[in-house]
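Just below is one structure, and these are the notes that go with it.
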Amino acid sequence: MNRKLFIVPFFSLLFACAGGDADKMSEIQLPDEAIALHGDSVSFSGELYRPAKLYIAEDKLVVFDDVKEDLFKVFGLPGLNYLYGFSNWGGGPNEFSMIDKEAINVSGRQFEILYRNKLYRYQVGDTSFIPQETNSSDLILTRVNPINNFKRLSDHSYVFNSDFQKQGKEFCLLNTSTKEERSFGEVKEPEAPELLGKRDAYYAKAICASEHQGRFAAFYYHRPFFSVYNTKGQLLKSVGISPSEHHFDPSTMYFVEPYATDDYIYVMWILMGKQQVEMDFNAFHPEILVFDWGGNFVNRLKLDRPIITFAVSERNKELYAVSFLDEDINKLYRFKLPE
């Protein structure tokens, strides 16, 4: 199968202010050189046709492979030995179709899937996903439809995109126990005339969250900015990447695929458009920027493979990824992180 038919899921794809210092945009000047990371591959004897997202569940790597059988493939860490597959495409028990990869949350070994406005919970076991009991709070009732970027902040608290066209807000907080729902983050019309009519691209973003830190971060696809919030929806910091000529450009991808750990945020830094990538896949070696949860710059890494998506194990000090090159079908890549 030609992996290029399913190229890079992230390509299919004004900050809210809480007053005080959070109103001010902090600028980061990236170092001139990135630390080069060289990955080694582990071949999988089965099929990895359409890997859309990777998740770490303690000592397990879960690959969401958007195919008909074995939607979730589980590998042991750190050896990346294949353990088992779980779930098929369909409508039967423990089956799903058209799952949103950004509506899956992992906490320890607990694996949550938001599917058709209901939460399905599993324990990632050593030999299978173990279904957990459901209750009334697992039905997600919200005025937002569809739900995008659904991220867990605590046992009953979730953040996701608000319907900014109707609500005039950027985010929504929901308590699934009390059913309390609150929108926040003022949406402002871009001042430049050339930006009018492009609000969808202007606010397009990915969200990642840390229960340990009690924070979430929003990274914008077409702007070199991100913001960090607490679980109450208060803006803690807005950060822009220098130089100043970086600006809103709907044809350029800046940030994609943020991945949160307890201590850090890892995010792909692209700085080019989809067509540029497609012109030479082999030359596309994305960078990974690392920030702490205070929004402070930590590191700039450069991978030697064109990857689709990745996950990070702080326990093993490793980054795991899949590539979109045809020659890399059925391979998982492992990169050792610098100290």
Please verify whether Glu69 is within 26 Å of Pro146 (Cα to Cα) and not in a loop (DSSP other than H, G, I, E, B), treating the condition exactly as stated.
no
Just to be sure before I move on: is Glu287 among the charged types (D, E, K, R) and farther than 20 Å from Leu319 by Cβ in the structure I sent?
no
Expected output for the range 158-184 (first residue at positive phi, partner in a loop (DSSP other than H, G, I, E, B) and not basic (Lys, Arg), Cβ below 8 Å, 6+ apart or cross-chain) is Gly168/Val187; Lys179/Leu141
Unmet requirement for Gly197, which otherwise passes all of (1) over 19 Å from Gly294 (Cβ atoms); (2) open to solvent by less than 50 Å² (accessible area, probe 1.4 Å):
(2)
Filter the range 281-339 for residues that are modelled with pLDDT of 95 or more and of a type in the set (Phe, Trp, Tyr); the one that is surrounded by the most Cβ atoms within 10 Å (Cβ to Cβ) is Tyr320
All but one of (1) open to solvent by less than 10 Å² (accessible area, probe 1.4 Å); (2) within 20 Å of the chain's Cα centre (by Cα); (3) within 18 Å of Ala311 (Cβ to Cβ) hold for Glu58; state the number of the condition that does not hold.
(1)
Does Tyr82 fit the bill of being open to solvent by 70 Å² or more (accessible area, probe 1.4 Å), touching a Phe, Trp or Tyr at 6+ places or on another chain (Cβ under 8 Å) and of a type in the set (Phe, Trp, Tyr)?
yes
Conditions (1) under 17 Å from the mean Cα position of the chain (by Cα); (2) among the β-branched types (Val, Ile, Thr); (3) farther than 24 Å from Glu27 by Cα: number failed by Val256:
(3)
Looking at the range 249-268 only, could you name the residues that are over 23 Å from Gly108 (Cβ atoms), open to solvent by 20 Å² or more (accessible area, probe 1.4 Å) and not hydroxyl-bearing (Ser, Thr, Tyr)?
Asp249, Pro250
Test of understanding: among Leu301, Leu271, which residue is in contact with a Leu (Cβ under 8 Å, 6 or more places away or on another chain) and under 30 Å from Glu327 (Cα atoms)?
Leu301
Take the residues in the range 142-168 that are in contact with an Asp or Glu (Cβ under 9 Å, 6 or more places away or on another chain), at pLDDT below 95 and outside any loop (DSSP other than H, G, I, E, B); name whichever of them is nearest to Gln110 (Cα to Cα).
Phe164
Single match in Pro51, Pro131, Pro93 (criterion: over 21 Å from Leu332 (Cα atoms) and modelled with pLDDT under 95)
Pro93
Give the residues of the range 96-141 that are in a loop (DSSP other than H, G, I, E, B) and acidic (Asp, Glu), sorted by residue number.
Asp100, Asp126, Glu133
Can you find a residue in the range 143-163 that is among the acidic types (Asp, Glu) and within 24 Å of Gly295 (Cβ to Cβ)?
no
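The values are calculated or read from the model by the stated rules, or taken from the named source; none is laboratory data. Quick caveat, the model's predicted, so the values are computed rather than measured. Every residue, glycine as well, gets a Cβ built from its backbone with ideal geometry; the counts of neighbours run over all protein chains shown. Note: areas computed on protein heavy atoms with side chains; ligands, DNA, RNA excluded. Shrake-Rupley method; radii C 1.70, N 1.55, O 1.52, S 1.80 Å.
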